[in-house]
1. Working from Cα positions, state the angle (0 to 90°, nearest 10) between the long axis of helix 7-27 and the longest principal axis of the chain.
2. Taking the Cα-to-Cβ direction at residue 10 and at residue 45 and moving 7 Å from each Cα, how far apart do the two end points lie in nm?
3. Where q = 0.23 Å⁻¹, what log10 of I(q)/I(0) comes from the Debye formula for the chain, counting one point per Cα?
4. Determine, for each peptide in 64-72, 52-60, the mean count of other beta carbons within 10 angstrom over its residues, then list the peptides with the highest first.
5. Can you compute the charge dipole magnitude of region 6-86 about its Cα centre, using +1 on each Lys and Arg Cβ and -1 on each Asp and Glu Cβ, nothing else charged? Give it in debye, rounded to the nearest 20.
6. How far apart, in nm, are two points set 7 Å out from the Cα along the Cα-to-Cβ line at residue 22 and at residue 34?
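What follows draws every value from the coordinates through simple rules; no lab data is involved. Owing to the predicted nature of the structure, the values given are computational and were not obtained by experimental measurement. In this analysis, Cβ positions are derived from the backbone assuming ideal geometry, glycine residues included, and neighbour counts consider all displayed protein chains.
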Amino acid sequence: MSFALPPAAQQKLLAYAALLYKWNRTYSLTALREQEQAVSLHLLDSLAVLPHLAALGADTLLDVGSGGGMPGIPLTIALPELRVTL
């Protein structure tokens, strides 16, 4: 099962990854040390549950202990109608 994201959501996710990398240098939010790894190690991992959320028809999600905001923030960007509590 795959999940296509609109270009606007893709741009927001990349902007989020850039901000995460910027602030990670100061506050150590994740183990991320190279910005190039953010897409595969953080964004795609966070978005891996999208097909399952869609199949369940989920409208709310609780993200406990999200640290740098993952997976909650990427999921909110990908599914803006999903109510996510971090």
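1. So the inclination is approximately 40 degrees.
2. Output for this residue pair reads 2.3 nm.
3. Scattering profile of the chain, log10 relative to I(0): -1.18.
4. In decreasing order of mean packing, 64-72, 52-60 become 64-72, 52-60.
5. Values: 5 positive and 6 negative charges, 51 e Å.
Value, rounded to 20: 240 debye.
6. Using points 7 Å along Cα→Cβ, the separation is 2.3 nm.
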